[in-house]
1. Evaluate the relative contact order of the chain (contact order divided by residue number), counting alpha-carbon pairs under 8 angstrom at least 6 apart; express in whole percent.
2. Among (1) 12.8, 42; (2) 14.5, 48; (3) 12.5, 40, only one was calculated for this model; which label is it, if the read-out is Rg and Dmax of the Cα atoms in Å?
3. If the chain between residue 63 and residue 30 were fully stretched, how many nm would it gain, using 0.36 nm times the residue separation less the Cα-Cα distance?
Amino acid sequence: MAVFPTGQAMAIATSGQYLWVQTGGFSTHKGGDTAAVGMQLTTGTADHTTLTAAAQTSPVVGAVYSTAAVSGYFGPIFMLID
């Protein structure tokens, strides 16, 4: 596997700055496809979206929470990286 997700950065950080990366708990992600509540998600392509994990080979990063995912829009997920 070429890429393994490590978390979601909460802000932009340049060299020499500290950065907090979220790996678990409630968060928001940009949907890359439609996924129902409870479905597991994985990282998308270069557009920084999440995709339904069932159709992908990348590791699971979270699950859709409370509202179904909509492609191109941000929605709630529960991160499961840690």
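1. Normalised by residue count, the contact order of the chain is 33 percent.
2. Read-out from the structure maps to (3).
3. 10.6 nm
Since every read-out is calculated from the coordinates, none of them should be taken as a lab result. Bear in mind the structure is a predicted one, so any value in this text is a computation, not a measurement.
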